[in-house]
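Comments concern the structure below.
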Amino acid sequence: MAGALACTAAMAAQDAAVLFGTWELNVQASEANPSQYKRTTCWIEPHGDGVRVRYELVGERGGVVRMEWTGRFDGRDYAVQGVDYVLTNAYRWVDEQTYEVVIKVDGAPAARARTTVSPDGDTLTTFTRERLADGREVASTVVYERR
């Protein structure tokens, strides 16, 4: 889910405009750990002086999970809605095309993701390192394409 992410202070929502739109997971271009989801769609949109990120994940057997994160790119933890546990994301910009997310479960860091927008603005590539419950660390790369 994390495949589900110090340089600058928080950027305003208009600076995140490069991210705004609908994004579809490209399973063939992604190198991820086996997932229970066969399709993921992500919507990123302005929300007040921040950003709203919504996910719809369709499971291999047809179930749908919807999650939503609303916050700012200021490195602070903001709650993710739609899960049965305490999950937060803290977004911050690295540069104009790259942001980082620290994902926490029950307040403890669980994963770190770095997402880069392609120069043409049509692809998001996210590299994630996460620690599994058994202590193993795994990495994944997922690619989203603008729809």
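The values are calculated or read from the model by the stated rules, or taken from the named source; none is laboratory data. Here the structure is a predicted model, which means the values were calculated and not measured. Here Cβ is always computed from backbone atoms with ideal geometry, including for glycine, and neighbour counts include all displayed protein chains.
General observations
- Contact annotation: residue pairs with Cβ atoms under 7 Å, 6 or more positions apart or on different chains, pairing a residue in the range 106-125 that is over 20 Å from Val27 (Cα atoms) with a partner that is among the aromatic types (Phe, Trp, Tyr) and modelled with pLDDT under 95, are Asp106/Tyr85.
So that you can scan it fast, the table gives a plain yes or no per residue for (1) of a type in the set (A, V, I, L, M); (2) outside any strand (DSSP E or B); (3) at pLDDT 95 or above:
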| position | (1), (2), (3) |
| --- | --- |
| Val58 | yes, no, no |
| Gly62 | no, yes, no |
| Arg66 | no, no, yes |
| Arg76 | no, yes, yes |
| Val80 | yes, no, yes |
| Tyr85 | no, yes, no |
| Thr88 | no, no, yes |
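- Residue match in the range 41-56 (condition: surrounded by 13 or more Cβ atoms within 10 Å (Cβ to Cβ) and modelled with pLDDT under 90): no
- Any hit, the range 99-107, residues being farther than 22 Å from Val83 by Cα and of a type outside the set (Lys, Arg): yes
- Of all residue pairs spaced 6 or more apart or on separate chains, those with beta-carbon atoms under 9 Å, a first member in the range 77-98 that is on the phi > 0 side of the Ramachandran plot and a second member that is of a type in the set (Ser, Thr, Tyr) are Gly82/Tyr55.
- Matching residues in the range 103-125 - criterion: being in a loop (DSSP other than H, G, I, E, B) and either among the charged types (D, E, K, R) or in contact with a helix residue (DSSP H, G or I) (Cβ under 7 Å, 6 or more places away or on another chain) (or both): Asp106, Asp120, Gly121, Asp122
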